[in-house]
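Visitor: Take a look at the following structure, please.
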Amino acid sequence: MPRITLSQFAAEKGQTKAASLLGMSQGALNKALRVGRDIYVTEHADGSFAAEEIRPFPCQVQLKKSA
C-alpha cells in the first residue's frame, strides 16, 4: 500500500479499526482528523501500519483546519 492520508485510511478501515491498527484511541484519531493534521499512513511488508506527521520546522503555532 502506498502512503495515504490519515483521512483516507480512516475512511477505508473505519475510525475504530484504523485507530486500533495505529495503536491509538478512536478519540485521538477523530481529533487529528477534525483539526486537519497532515498525517500519512504507510503499510509495512509485514502488514503493520505506521503513521507520520508532516509539520513545518520550527513549528511554534498550532495548525488548525478552517471550518
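The values are calculated or read from the model by the stated rules, or taken from the named source; none is laboratory data. Model, not experiment: these values are computed from the prediction.
Visitor: Working only within the stretch 25-50, note down all residues that are closer than 12 Å to Pro2 by Cα and not aromatic (Phe, Trp, Tyr). Outline the logic, then answer.
Guide: Step one: of the stretch 25-50, the residues closer than 12 Å to Pro2 by Cα are 40-45, 49-50.
Scanning the stretch 25-50 gives Val41, Thr42, Glu43, His44, Ala45, Ala50.
Visitor: Please go through the stretch 8-55 and give me each residue that is among the hydroxyl-bearing types (Ser, Thr, Tyr) and more than 11 Å from the chain's Cα centre (by Cα), ordered by number. Even if it seems obvious, please write down each step before you answer.
Guide: Taking the stretch 8-55 and keeping what is among the hydroxyl-bearing types (Ser, Thr, Tyr), we get 16, 20, 25, 40, 42, 48.
If the condition is that a residue be among the hydroxyl-bearing types (Ser, Thr, Tyr) and more than 11 Å from the chain's Cα centre (by Cα), then Thr16, Ser20, Ser25, Ser48 are the ones that fit.
Visitor: So, one more: Picking from Ala67, Ala50, Ala11, which residue would you name as being at pLDDT 95 or above and outside any helix (DSSP H, G or I)?
Guide: Ala50
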